[in-house]
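Participant: I have a structure here, written as C-alpha cells, and I will follow up with some questions on it.
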Amino acid sequence: MNRVVKTLVAGVATASLVGAPAIATVGAGTAGAVTAVKSPVGKYNATIVLTPSGSFPSQLKLKANGTFVFADHGPHGTWTETGNVVNMTGTIKKNTYAFVITQLGKKLGTAKKQGTITENGAPFGTWYAVRG
C-alpha cells in the first residue's frame with residue numbers, strides 16, 4: 001500500500017512539473033511567461049515617416065490571404081511573416097516598395113522601433129503601426 005501511495009505522489013509531482021512550462025509557453029500571465037507571436041492580420045493606424053518631409057498617417061489592412069493595402073491610393077501587395085518580422089512588398093504604378101517591421105504584440109513597431117521602407121531598393125523612410 002505504501003508503494004502505491006508513493007507512486008501516485010510521484011505521478012502528481014511529475015504532472016505538476018510538466019504543466020508549469022506548458023502554461024508559460026502560451027503566456028498565461030505567469031511570471032516570466034513567453035507571449036506567443038500573434039497573427040498580424042488586421043487593421044492598423046500607420047504612421048509613415050519620410051525625412052525631411054515629416055510624417056503622415058495612413059490606414060493599413062493586412063489580410064488573411066497574404067495581401068495588404070495602405071489607404072488613400074498607397075502601396076498594395078503581398079506580405080509574409082517570419083517569427084515576429086513582417087515583410088511586405090507592394091507597388092504604386094511602376095515603383096516597388098518593401099516594408100520590413102518587427103511585430104510587437106498589437107503593434108507593428110513603435111515610434112522608437114520603426115520599420116524600414118525602401119523604394120526600388122533604395123532607403124525611402126520608416127514606419128510603425130498600431131492595431132486599430
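Participant: Using only alpha-carbon positions, what ratio does the radius of gyration of segment 64-104 give when scaled by 2.2 N^0.38 Å?
Facilitator: Working: Rg = 10.5 Å, N = 41, 2.2 N^0.38 = 9.0 Å.
Cα Rg divided by the expected 2.2 N^0.38 Å: 1.16.
Participant: Between THR110 and GLN59, take the C-beta separation as r, use R0 = 25 Å, and let me know the FRET efficiency to the nearest 0.05. All intermediate terms of the calculation are to be shown ahead of the outcome.
Facilitator: Details: r = 18 Å, r/R0 = 0.72.
Taking R0 as 25 Å, the efficiency between THR110 and GLN59 is 0.90.
Participant: Follow-up. Which FRET efficiency, nearest 0.05, do THR80 and THR102 yield, Cβ-Cβ r, R0 22 Å? Present the calculation step by step, with values, prior to reporting the outcome.
Facilitator: Numbers: r = 14 Å, r/R0 = 0.64.
According to the calculation, E is roughly 0.95.
Participant: Something else now. Convert each backbone phi in segment 49-63 into a coupling constant with the Karplus relation 6.51 cos²θ - 1.76 cosθ + 1.60 (shift: θ = phi - 60°), then list the ³J(HN,Hα) values in order as whole Hz, x for Gly and Pro.
Facilitator: Karplus-based 3J(HN,Hα) across segment 49-63 equals 10, 10, 8, x, 5, x, 10, 8, x, 7, 8, 10, 10, 9, 9 Hz.
Participant: For THR67 and VAL41 in one chain, what is 0.36 nm times their gap in residues minus the Cα-Cα distance, to one decimal in nm?
Facilitator: Working: separation 26, 0.36 × 26 = 9.36 nm, distance 0.96 nm.
Computed gain between THR67 and VAL41 is 8.4 nm.
The numbers here are math on the coordinates, done by the rules we state, and not lab data. Quantities reported herein were computed from a predicted structural model and do not represent experimental measurements. Counting neighbours? That spans all protein chains shown, and the Cβs are built from the backbone with ideal geometry, glycine included.
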